[in-house]
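The values are calculated or read from the model by the stated rules, or taken from the named source; none is laboratory data. This is a predicted model, so every value here is computed, not measured. Don't worry about glycine lacking a Cβ; one is built from the backbone with ideal geometry, like all the others, and counts go over all protein chains shown. The accessibility values were calculated without ligands, DNA or RNA, using every heavy atom of the protein model including side chains. Shrake-Rupley method; radii C 1.70, N 1.55, O 1.52, S 1.80 Å.
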Amino acid sequence: MPVLRSVWPRCQAATITSISSSAVSFDLKVHTYYLILAIDCPNSQLAEEKKLLATFLLLLLSSHAPAPALSLPPRPPVRCTSTDGGTTGGCVLSNAYGAWSSDRADCPVSAVGYPASEQEVVAAVARASATGARVKVVSGFAHTIPKLACPGGDGNGTATTPTLLISTARLASVEVDVAARTVTADAGAPLRAVINAAEARGLSLTAAPYWEDVSVAGLVSTGSHGSSWWGRGGAVHDHVVGLRLVVAAGEADGWARVLTLRTGDELFPAALVSLGLLGVISKITLSLDPRFKRSITYDYRNDSTFQDDFAAHAASHEFADITWYPSQHTAVYRIDDRAPLNAPGDGVNDFIGFQATPIAVTAGLRAVETSLERSKNVRGKCVTAAAEGTAKRLVGSGLKNNGLLFTGYPVVGYQGKMQTSGSCARSSAADLLSACGWDPRFHGLFFYESTAIFSPPARFRDFILDVKRLRDLAGSDSLCGVDVYNGLLVRFVKASAAHLGQPEDSVVVDFNYYRASDPAAPRLSEDVWEEVEQLAFVKHGARPHWAKNRLVAFAGVRGKYPRWAQFAAAKRQLDPRGLFDSPWSDEVVGAVEVDKGDGCALDGRCVCSVDRHCSCSPGQGYYCRPGLVFTDARVCRWST
């Protein structure tokens, strides 16, 4: 089996029976388990690693089996103890991961509204405007990682400034105009509902983020994107042609009013990526294309020329991306283009990381990883990374040629089935055994997610070379932790008209890595990933994704957007009283200094400057030291 030989080169396979692509099914986990046990590893340490690899692959392939028809849906982000539908105190807001990036505390709110129409949104904003309450908006699932949706306050109605949280969970209608090739959706409409409505009328939404269980207004407001340098580009907000925004007003105007904004209007570029700082979006209109198909092939290559050919790859394929596994010296090029409607194939993109996973399997994977972290078993991390790569390659990363199984490349299917995925969230509460892998109720996967946006693209080339130098100095094993979580995903976004969109054609890099359950616990290879972040955001001036990242990524963010002054002017015009501000925007956008305290570097609340920032108690063995490649970086490095 070439895949297993490539990820486990230090052992020699004895007799390996070929596994055809059509056999990639639920039974594959059993075959792979015994296949790995047949590998000859005479060294005793390698034999132990082999057993761990077999166990981990068994867990992985159990989780990557065809998803069950039903699974437990995510919990709502707003939970209230009140008995009146959550319109008074006793409510808290959390995100889908159970912990915000800026802290791990839930967000208390003094009042929550669930409008079902634009008129009800106007009424809610008017009440807040009349009383001077701070207002924020949350979607049905709340997948932002920073605390964008938290209005602040103590939630008991006793705060100096009252707060109102507006949920768009009931604001979800979708209408398609075939003649105009547009779709108009309420703010809370799920992305999947928008895509399905367009496809049913013979049209396709061109751009979409890879995770589909987000609201249309939420993804636009935070600059969410897919991948493309072609046409209008990969960012969804660049396909918006109109929106309606409910803003605060004076008493003479009834305390709130609705603005209708279209392409060419003065305030339109500010309203596209607004971070919820201008008002409440009630409706969004997106442009559509005639329905089309996609053809996807994953091409596995050595990463030796990655820094020199990423731009050519993006220029050659409309929906290209690249996944880089630095510890394995592998780059996976996604060859992804439009196909004619009569091209054979009814493929589906059901990315394995977004499939429903048995809760017991998720807990098992977390237990294995936590054990490796606590024992500082770097080699064990590499074993799990190799297992993850093997499983993904065997099942085409979740692509399914006929909607059920992966049988080989290319996988061809309709745009609506290929552009995004998220089957774990589209489920019923009838099955209590499976869920999204990161569901905080079941103590499964728990991770950080960092996103760095580089422009011009030449800066990304320099970043790759620096990460390779860091790999050489720290050792490839030190980078295995990110390869467990899908490596570094490289996508492409065009220059945008939005003030807080990307001012130039850009390269976007996402990478996830282990987050300890205890905020005071350092993680394995802590210093390496802190240096990678500082290489990106400090040395090479990358911008953070607004809906992702730890707090440290937002340092100096205003200076990284050339049209920040225009956005700030729109903010002063539409919200002069700061009703749509929040503690998060005060700190990140307003640059309010906050004392981070001992251990602040461990959860990404600060870059260390003294040793106490690297530990919450004596004896942990982590000290603030310069970076290996970027010597101006300050990282928490373990030392005996």
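Checked against (1) in a strand (DSSP E or B); (2) within 15 Å of the chain's Cα centre (by Cα), Val507 meets all criteria but (2).
A residue that is modelled with pLDDT of 95 or more and in a loop (DSSP other than H, G, I, E, B) occurs nowhere in region 293-315. When region 218-241 is filtered for residues that are surrounded by fewer than 19 Cβ atoms within 10 Å (Cβ to Cβ) and either on the phi > 0 side of the Ramachandran plot or touching a Gly at 6+ places or on another chain (Cβ under 9 Å) (or both), only Gly231 remains. Scanning region 367-380 for residues that are open to solvent by 10 Å² or more (accessible area, probe 1.4 Å) and either touching a Leu at 6+ places or on another chain (Cβ under 6 Å) or in a loop (DSSP other than H, G, I, E, B) (or both) yields a count of 4.
Contact map, region 215-233: residues that are over 20 Å from Val174 (Cα atoms) and touching a residue at least 40 places away in the same chain (Cβ under 8 Å) paired with residues that are of a type in the set (Ser, Thr, Tyr) and surrounded by fewer than 24 Cβ atoms within 10 Å (Cβ to Cβ), Cβ distance under 7 Å, separation 6+ or inter-chain. Pairs shown: Gly226/Tyr210.
For region 447-474, filtering for residues that are in a loop (DSSP other than H, G, I, E, B) and modelled with pLDDT under 95 leaves 0. Being touching a helix residue (DSSP H, G or I) at 6+ places or on another chain (Cβ under 9 Å) and modelled with pLDDT of 95 or more holds for only one residue in Asp510, Asp527, and it is Asp527. The set of residues from region 219-233 being within 22 Å of Leu267 (Cα to Cα), in contact with a strand residue (DSSP E or B) (Cβ under 8 Å, 6 or more places away or on another chain) and not charged (D, E, K, R) comprises Val220, Ser221, Gly223, Ser224, His225, Gly233. Picking from residues in region 550-575 that are touching a Gly at 6+ places or on another chain (Cβ under 8 Å) and part of a loop (DSSP other than H, G, I, E, B), the one that is nearest to Asp510 (Cα to Cα) is Arg550. Within region 621-640, track down each residue that is open to solvent by 60 Å² or more (accessible area, probe 1.4 Å), part of a loop (DSSP other than H, G, I, E, B) and within 22 Å of Lys539 (Cβ to Cβ). Within region 621-640, Leu628, Thr631, Asp632 qualify.
Restricting to region 259-273, what's the tally of residues that are of a type outside the set (A, V, I, L, M), in contact with a strand residue (DSSP E or B) (Cβ under 8 Å, 6 or more places away or on another chain) and within 13 Å of Leu245 (Cβ to Cβ)?
3
Is it the case that Gly599 is of a type outside the set (Lys, Arg), on the phi > 0 side of the Ramachandran plot and in contact (Cβ under 8 Å) with a residue 40 or more places away in the chain?
Yes; evaluated as a whole, the condition is true for this residue.
Within region 611-633, take every residue that is without any contact (Cβ under 8 Å) to a residue 40 or more places away in the chain and within 21 Å of Gly556 (Cα to Cα) and give me the one that is nearest to the chain's Cα centre (by Cα). Among them, the one singled out is His613. On the given criteria, is Gly416 buried (at least 20 other Cβ atoms within 10 Å of the Cβ) and either outside any loop (DSSP other than H, G, I, E, B) or at pLDDT 90 or above (or both)? Yes: the conditions hold for Gly416. Which residue is nearest to Pro544 (Cα to Cα), if the candidates are limited to region 579-612 and must be at pLDDT 90 or above and of a type in the set (Lys, Arg)? Restricting to residues being at pLDDT 90 or above and of a type in the set (Lys, Arg), the top hit is Arg605.
Return the residues of region 381-408 that are open to solvent by 30 Å² or more (accessible area, probe 1.4 Å) and within 22 Å of the chain's Cα centre (by Cα); say none if nothing qualifies. Within region 381-408, Arg393 is the sole residue that qualifies. Within region 428-476, the set of residues being touching a Ser or Thr at 6+ places or on another chain (Cβ under 6 Å), crowded, with 19+ Cβ neighbours inside 10 Å and of a type in the set (Gly, Ala, Ser) comprises Ser434, Ala435, Gly437, Gly444, Ser455. Applying the criterion of being open to solvent by 30 Å² or more (accessible area, probe 1.4 Å) and touching a helix residue (DSSP H, G or I) at 6+ places or on another chain (Cβ under 8 Å) to the residues of region 103-142, the residue that is farthest from Arg170 (Cα to Cα) is Ala130.
Among strands (runs of 3 or more DSSP E) lying entirely in region 156-253, which contain 3 or more residues that are under 28 Å from Arg334 (Cα atoms)?
Ranges flagged: none.
Of the listed requirements (1) in contact with a Phe, Trp or Tyr (Cβ under 7 Å, 6 or more places away or on another chain); (2) open to solvent by less than 10 Å² (accessible area, probe 1.4 Å), Gly599 misses just one: (1).
Please indicate, with yes or no, whether at least one residue in region 554-574 is among the small types (Gly, Ala, Ser), crowded, with 22+ Cβ neighbours inside 10 Å and at pLDDT 95 or above. Within region 554-574, not a single residue is among the small types (Gly, Ala, Ser), crowded, with 22+ Cβ neighbours inside 10 Å and at pLDDT 95 or above.
Are there any pairs, at least 6 apart or on different chains, whose C-beta atoms fall under 6 Å, with the first in region 338-364 and within 20 Å of Glu318 (Cα to Cα) and the second part of a helix (DSSP H, G or I) and not small (Gly, Ala, Ser), and if so, which? Pairs that qualify, where the first residue is within 20 Å of Glu318 (Cα to Cα) and the partner is part of a helix (DSSP H, G or I) and not small (Gly, Ala, Ser), are Val348/Lys417; Asn349/Met418.
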